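The values are calculated or read from the model by the stated rules, or taken from the named source; none is laboratory data. Just so it is clear, the model here is predicted, and its values are computed rather than measured. Every residue, glycine among them, receives a Cβ derived from its backbone with ideal geometry; neighbour counts consider all protein chains shown.
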Amino acid sequence: MPEVELKPCFLTPRQVKPEYPLFVYLPGMDGTGQLLRSQTAGLEVGFDVRCLAIPRQDLTTWEALTSNVLDLIHAELEKSSQRSVYLCGESFGGCLAMKVAIQAPQLFKRIILINPASAFGLRPWLDWSSQLMHLVPGCFYDIGALGLLPFLASLPRISRNVRHELLKTMRSVPPETVNWRVSMLREFSIDENKLRSLQQAVLLIAGASDRLLPSVSEIQRLANIIPDSRTLVLPESGHACLLEEGVNLYEILQSHNFLEIKNLSDNTQFPMEIAKAYKIYHPTN
């Protein structure tokens, strides 16, 4: 995948599927979008996947990022407007997804929030320590990333290669960008009345073994605000649960009836892979 330095963009798979629903993934604080790769193959069974990549030097506000994401989605819909859009945000991206959703709720068919970092303010020690991060010399960030790894992920559930990829990705983000994005989380706020006005179904996912944030409490709090919401607690998963072996986001969406079956009476070809996934495909022989 290409380096991203100028402005936020969507990383696109080699094979674009404009006839499929558009799946927009907003990543965690690293912003690279690279860590979705373990889920991409599964999601592409039923979606045309786009993953947001934020420049490593990007120091823009929530408002600017929200506007950039909406511009990118509108650009995709100009190519193929007659399709549903699923919005998925993880951790930092969960906060961004909420901002995007309340800004343009009419765009989205479904919303998925995974370990949303809106729980940041519920960890007082994180808030206090984050305010001291600007005092840490840059040369110590590599060491800090290694020490943070057990809090970010349930390491026994992640392969060695993925662990190295996670650490490499964490170290790729400059210290000033880390400080800026942490300050964004510290100042994050959302209009709860606008969350209450969301009409689409929202799936809230949390890892019960999240050592970084109180994600289970947070999705329960959000479930009390968002009208059409359902919660899923992954009993053994950590914060970076999408990296874990045995966690398949597409299967989770399927098991929670979160996938949209297109109207078979219309003139649009129903994707064969989706038909098989729903077990409505009947061979003629």
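Looking at region 93-126, which of its residues are at pLDDT 95 or above, buried (at least 19 other Cβ atoms within 10 Å of the Cβ) and not aliphatic (A, V, I, L, M)?
Hits for region 93-126 are GLY93, GLY94, CYS95, LYS99, PHE108, ARG110, ASN115, PRO116.
Would you mind listing the strands (runs of 3 or more DSSP E) fully within region 1-108 where at least 3 residues are over 29 Å from VAL216 (Cβ atoms)?
By residue number, 9-11.
Does ILE219 satisfy being at pLDDT 95 or above, of a type in the set (A, V, I, L, M) and assigned to a helix (DSSP H, G or I)?
yes
So how many residues does region 166-215 have that are free of Cβ contacts under 8 Å to residues at least 12 places away in the same chain and farther than 28 Å from GLN103 by Cα?
Residues meeting the conditions: 1.
Would a scan of region 168-180 turn up a residue that is in contact with a helix residue (DSSP H, G or I) (Cβ under 6 Å, 6 or more places away or on another chain), aliphatic (A, V, I, L, M) and not in a helix (DSSP H, G or I)?
No - not one qualifying residue is present in region 168-180.
For region 54-71, state whether one or more residues are buried (at least 21 other Cβ atoms within 10 Å of the Cβ) and closer than 22 Å to CYS241 by Cα. Before you say what the answer is, go through the steps one by one.
Going residue by residue through region 54-71, those that are buried (at least 21 other Cβ atoms within 10 Å of the Cβ) are 54, 65, 69.
Going one step further and asking which of them are closer than 22 Å to CYS241 by Cα, we end up with 54.
Checked against the condition, which is being buried (at least 21 other Cβ atoms within 10 Å of the Cβ) and closer than 22 Å to CYS241 by Cα, region 54-71 yields at least one hit.
Taking region 231-262, which residues are outside any helix (DSSP H, G or I), surrounded by fewer than 17 Cβ atoms within 10 Å (Cβ to Cβ) and free of Cβ contacts under 8 Å to residues at least 24 places away in the same chain?
Of everything in region 231-262, those that are outside any helix (DSSP H, G or I), surrounded by fewer than 17 Cβ atoms within 10 Å (Cβ to Cβ) and free of Cβ contacts under 8 Å to residues at least 24 places away in the same chain turn out to be ASN257, ILE261.
Identify, please: which residue in region 221-244 is of a type in the set (A, V, I, L, M) and in contact with a strand residue (DSSP E or B) (Cβ under 9 Å, 6 or more places away or on another chain) and is, among those, farthest from GLY207 (Cα to Cα)?
ILE226
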